[in-house]
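Here is the structure we will look at.
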Amino acid sequence: MNPLLARHAGKLIGIVGGGQLGMMLAQAGAEYGLKFRFLDPNPEACAQRYGELVVGRPDDPSAVEKFAQGVDVATYEFENFDAKAIRALGEKTKVFPGPKALRAAQDRMSEKKLLKKIGAPMGIEPPAFLQVDNPGKAAEAAEALGVPMVLKTRRWGYDGKGQRVVREAEEAESTAVDLGGSGLIAEAFVDFDRELSLVCARSGDRTFAAYPLVENLHERGILRTTVAPAIDVHPELQARAEAFAEAIMENLGYVGVMTIEFFAKGETLLTNEIAPRVHNSGHWSIEGADVSQFEQHLASILSVEIAPPELKCSTVMVNLIGSDPPDAVIPRESGVQVHRYGKANRKGRKIGHITCIANNARAAGEMARRVRAAVQPYADG
């Protein structure tokens, strides 16, 4: 909890997007008397149970006008919309994070250049990358970077969408065509030990706070499990990740929660991408830390002083993908917390998560393995 948030009771927070992230922001804010309004084109958006829903797109001036009226501060829960919409919204109310951060995260080429610029002096860089504007350039990238390599769309990709691993140089051109032929980026394939992410926050008063590095396990590009904190992380590695994050935030004039994804090879960190919002790999913090990522984000955008969160326990988060398992199959153990988002079943869709908490990493991991085994028959995607 952050008791300073209670001073803002009654304020109206606008959230662009009405999905589960917006819903969890509102759930966290309700504890402090905050009110919420959502802007989403889906009239069945799951967050509407926790505030007013304005049905419309972020690029619809009339919808934005209605959404912004009376809002004290606005934010967003996803980044797949034109940054011009944030600038337009910013003319009507304060919006955090700002458009500079959104633009940087939306274009993988711009993102990689920023990560390299900030990280190179610190010994933290992204994998080698090349811009690909046509299929022929994909073939040249395969020769320059070697295979396997990863070919991605520069914009609108998430949860493994818009990317392919090119395993043979001869496949590069056809893979580029499959991905649209232009507006692509090629990245060197990383033989990493594990994937880590850092959830951190920077408040409007410029205070900074970070959670411990966590380990993420993906399947087919979709996050399945997060282990918090990541096991065997040297304090120096945590410190370097935090220094890098703070430098990125300072460069972007960032306010709010940001997540940075890393590839780890031994004690070497390579940057993968940034997310300018609360993030799936931070959901464990609801039960696992004294202040959740959602509370940190709300405090940050309201310019409330934030502090480094303290861990309450070892935590493993398991995502529910595709279809919702019945209660009867979920292990009824102390420490198992089920979060459902109220979304319809759909292939590859995140419809909920289960948090497993225990006094030590081994016990939390064993609990999570039992949970995953129980829900696996219902997983899809």
**Q.** Within the range 154-174, considering residues that are assigned to a strand (DSSP E or B) and without any contact (Cβ under 8 Å) to a residue 40 or more places away in the chain, the one least open to solvent (accessible area, probe 1.4 Å)
**A.** Val166
(Q) Here's a check for you: in the range 262-284, which residue that is of a type in the set (Val, Ile, Thr) and open to solvent by less than 20 Å² (accessible area, probe 1.4 Å) is nearest to the chain's Cα centre (by Cα)? (A) Val278
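Mind listing just one residue for me: the one in the range 291-313 that is small (Gly, Ala, Ser) and open to solvent by 20 Å² or more (accessible area, probe 1.4 Å) and, of those, farthest from Gly14 (Cα to Cα)? Step through it out loud before you land on a result.
In the first step, residues of the range 291-313 are kept if they are small (Gly, Ala, Ser); the result is 292, 299-300, 303, 307.
Remaining after also requiring open to solvent by 20 Å² or more (accessible area, probe 1.4 Å): 303, 307.
Working: Ser303: 15, Ala307: 24 Å.
Going through the qualifying residues, I end up with Ala307.
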(Q) Restricting to the range 38-79, name every residue that is under 15 Å from His8 (Cβ atoms), assigned to a strand (DSSP E or B) and not small (Gly, Ala, Ser). (A) Val73, Thr75
**Q.** Odd one out for Leu102, checked against (1) of a type outside the set (Phe, Trp, Tyr); (2) open to solvent by 40 Å² or more (accessible area, probe 1.4 Å); (3) touching a residue at least 60 places away in the same chain (Cβ under 8 Å)
**A.** (2)
Q | Glu215 being open to solvent by 10 Å² or more (accessible area, probe 1.4 Å), part of a helix (DSSP H, G or I) and in contact (Cβ under 8 Å) with a residue 12 or more places away in the chain | A | no
Q: Could you run through the range 66-83 and say how many residues are modelled with pLDDT under 95 and open to solvent by 40 Å² or more (accessible area, probe 1.4 Å)?
A: 3
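Name the single residue, out of those in the range 245-295 being in a strand (DSSP E or B) and among the hydroxyl-bearing types (Ser, Thr, Tyr), that is modelled with the lowest pLDDT.
Taking the range 245-295 as the starting set, the residues that turn out to be in a strand (DSSP E or B) are 256-265, 268-275, 289.
Applying the additional criterion that residues be among the hydroxyl-bearing types (Ser, Thr, Tyr) yields 259, 268, 271.
Numbers: Thr259: 97, Thr268: 93, Thr271: 96.
Looking at the filtered set, the residue picked out is Thr268.
Take the range 304-331 and flag every residue that is within 27 Å of Leu213 (Cβ to Cβ) and part of a loop (DSSP other than H, G, I, E, B). Before the answer, list the steps.
Taking the range 304-331 as the starting set, the residues that turn out to be within 27 Å of Leu213 (Cβ to Cβ) are 304-321.
Selection gives Val304, Glu305, Ile306, Ala307, Pro308, Pro309, Glu310, Lys312, Cys313.
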Q) Got a sec? Which of Leu223, Leu184 is without any contact (Cβ under 8 Å) to a residue 60 or more places away in the chain, under 25 Å from Lys161 (Cβ atoms) and crowded, with 17+ Cβ neighbours inside 10 Å? A) Leu184
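Assigned to a strand (DSSP E or B) and either loosely packed, with under 15 Cβ neighbours inside 10 Å or not aromatic (Phe, Trp, Tyr) (or both): does that describe Ile86?
Values: assigned to a strand (DSSP E or B): no; either loosely packed, with under 15 Cβ neighbours inside 10 Å or not aromatic (Phe, Trp, Tyr) (or both): yes.
Criteria not met by Ile86.
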Q | Residue among Gly56, Gly33 that is over 26 Å from Gly288 (Cβ atoms) and either in contact with a helix residue (DSSP H, G or I) (Cβ under 7 Å, 6 or more places away or on another chain) or surrounded by 22 or more Cβ atoms within 10 Å (Cβ to Cβ) (or both) | A | Gly56
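Find the residue count for the range 7-30, including only residues that are open to solvent by less than 10 Å² (accessible area, probe 1.4 Å) and not in a loop (DSSP other than H, G, I, E, B). Talk me through it step by step, then tell me what you get.
The initial filter retains those residues of the range 7-30 that are open to solvent by less than 10 Å² (accessible area, probe 1.4 Å), namely 13-18, 22-26, 29.
In the following step, the residues that additionally are not in a loop (DSSP other than H, G, I, E, B) were identified as 13-16, 22-26, 29.
Number satisfying all stated conditions: 10.
Specify which of the listed residues (Glu305, Glu310, Glu287) is more than 15 Å from the chain's Cα centre (by Cα) and without any contact (Cβ under 8 Å) to a residue 40 or more places away in the chain.
After applying the criteria, what remains is Glu310.
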Q. Could you list, in sequence order, the residues of the range 332-364 that are open to solvent by 30 Å² or more (accessible area, probe 1.4 Å), more than 21 Å from Pro43 (Cα to Cα) and in a loop (DSSP other than H, G, I, E, B)?
A. Arg332, Glu333, Ser334, Asn359, Asn360
(Q) So for the range 124-138 (the condition being part of a strand (DSSP E or B), farther than 30 Å from Leu25 by Cβ and either under 20 Å from the mean Cα position of the chain (by Cα) or touching a residue at least 60 places away in the same chain (Cβ under 8 Å) (or both)), does at least one residue qualify? (A) yes
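The values are calculated or read from the model by the stated rules, or taken from the named source; none is laboratory data. These figures come from a predicted structure and were not determined experimentally. Here Cβ is always computed from backbone atoms with ideal geometry, including for glycine, and neighbour counts include all displayed protein chains. We work out accessible area using only protein heavy atoms, side chains counted, and drop any ligands, DNA or RNA first. Shrake-Rupley method; radii C 1.70, N 1.55, O 1.52, S 1.80 Å.
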